[in-house]
1. If I ask for residues that are among the aliphatic types (A, V, I, L, M) and surrounded by 24 or more Cβ atoms within 10 Å (Cβ to Cβ), which ones from the stretch 294-311 would you list?
2. Just checking, does the stretch 397-413 include any residue being buried (at least 20 other Cβ atoms within 10 Å of the Cβ), touching an Asp or Glu at 6+ places or on another chain (Cβ under 9 Å) and not in a helix (DSSP H, G or I)?
3. Kindly list the number of the only condition in (1) open to solvent by 30 Å² or more (accessible area, probe 1.4 Å); (2) outside any loop (DSSP other than H, G, I, E, B); (3) in contact (Cβ under 8 Å) with a residue 24 or more places away in the chain; (4) of a type outside the set (D, E, K, R) that fails for VAL386.
4. With the checklist (1) open to solvent by less than 90 Å² (accessible area, probe 1.4 Å); (2) modelled with pLDDT under 90; (3) farther than 17 Å from LYS294 by Cα; (4) out of contact with any Pro (no Cβ under 8 Å at 6 or more places or on another chain) in hand, flag the one item GLU431 doesn't pass.
5. Can you pull out the residues in the stretch 325-343 that are basic (Lys, Arg) and crowded, with 18+ Cβ neighbours inside 10 Å?
6. Just name the residue that is least open to solvent (accessible area, probe 1.4 Å) out of those in the stretch 224-248 that are under 25 Å from ASP137 (Cα atoms) and not aliphatic (A, V, I, L, M).
7. From the residues in the stretch 211-223 that are surrounded by fewer than 21 Cβ atoms within 10 Å (Cβ to Cβ) and more than 15 Å from ILE124 (Cβ to Cβ), which one is nearest to the chain's Cα centre (by Cα)?
8. Of all residues in the stretch 301-349, which are of a type in the set (Val, Ile, Thr) and part of a helix (DSSP H, G or I)?
Amino acid sequence: MPETYEENKNTVIQEVRKKVASLNTISAVVILSLFLVLVRYAMPPLIPFVKFIPEVSISIIVGIVFFLAVLGLYLSILLSRKTVRIISDYSKRLERMLNITKDLREEVYGDILLEKIMDYALDITHSEAGSLLLMNDDKELEFKIVRGGKASLLIGTTVEMGKGITGWVAQEGKPLRCSNVREESRFNPEIDALTGFETKSMLCVPLKTKDGVIGVLELMNKTGGFSYRLRDEEILRYLAAQAAISIIKTQFAEDQKNYEIHLTDMLLETIDYQQPEKRGHARRVARYCNIIAKAIEMTEQEKKQLYMASLLHDVGFLRIDLDEAYNKDVYMQHPVIGYEMIKPITFYAGIAPFILYHHRRYDGYGYPPSELKGEEIPLQARIIAVAEAFDAMTSPLSYKVPMSVDIAIGELREKSGTQFDPRLVEVFLSEIAPEHIK
């Protein structure tokens, strides 16, 4: 039959307390026995009631006391060893759970996170099968990860709130474990009928946050035919709590990423609409920047920042009047304007300096005015400078007659070391290929 979790019960402490209480009882019996012997034979005049204690051979009493002392010592050793083993086991489980928690918190990809949660849950409870379900927009539980026979049949299917053990756990927000699901009225056999898997025992816990239940983690059939214990429930409950936090974190990160992508696309479309003669310029620059980034083995985070900066390097033109866009003094303001537009946006703040300095020359000239030159200029800004110059020279912009690729390459080489970082120019020219130029 199912048992719900007792909120304040700590199994480890209870076990240790029982062992200590047993040891204290034995010690108390030995001390009391010695005290009675002392009173009966050493101080009878002082305590009148001791005369009612029957006389027993002192050797028998001493023998009993000695036996109890030896028994107490033996049990003390056994209990101490068992207590140490319990604490050691708890310590190992705690350390493992902390490592699991760290791993889950550091995972940034939602699908991989769910896989990890399921694998950890199966491993720490020694279960044959399991499922992870999340609440969808229709307030139904949707199977996201499934382990066991014909698991693929369940992916994407849903369970109504309140239906079966899974639905009950989600609705009530309480864990539930069954040693025999056939004796549990809330068990729904439809899932077993669909997959052909025979559920015998079950442990089910909610995935909860401060805003409520977001899903359910369920495990079936503890290996060896054993029943799930309270200890299994406790440790799975802890895992579920950490898992819920991590799921919300990755969902937020993915929502933010989607928002970032949509906002970037909107800005690019606006730039292309405002300056149709430069349509596609930002994406081409981003493609050329990526070629350099791969060649110099930038980290994934650096590549991401470079990509976003290269897409938005001309965003400052959105605040420049079209009639003045090609006035040199006005044109030279677009990096500063772009910087001021992007910096206040949290997920763009890191790329703002790359936008600001993408027209700084390697020799220290260029704009905006600054003392930065050479390696002092941010690497991403130096990469954008090479990529943008190449696209400007080879694309049919209204204010410049496009050059052939060979002439553009010659221009980059000629200005290598003055306008452009010579190392980045060589890298770009060694990696650029006809299929990259569209």
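The values are calculated or read from the model by the stated rules, or taken from the named source; none is laboratory data. What you see is a predicted model, and the numbers here were worked out from it, not measured in a lab. Cβ: placed from backbone, ideal geometry, glycine included. Neighbour counts: every protein chain shown. These accessible areas exclude ligands, DNA and RNA; they are computed on the full protein's heavy atoms, side chains included. Shrake-Rupley method; radii C 1.70, N 1.55, O 1.52, S 1.80 Å.
1. Correct list: LEU306, ALA309.
2. No, the conditions are met nowhere in the stretch 397-413.
3. Checking VAL386 against (1) open to solvent by 30 Å² or more (accessible area, probe 1.4 Å); (2) outside any loop (DSSP other than H, G, I, E, B); (3) in contact (Cβ under 8 Å) with a residue 24 or more places away in the chain; (4) of a type outside the set (D, E, K, R), the one that fails is (1).
4. Here GLU431 meets the rest and fails (3).
5. Matches in the stretch 325-343: none.
6. SER246
7. ILE214
8. Selection gives VAL315, VAL330, VAL336, ILE337, ILE342, THR346.
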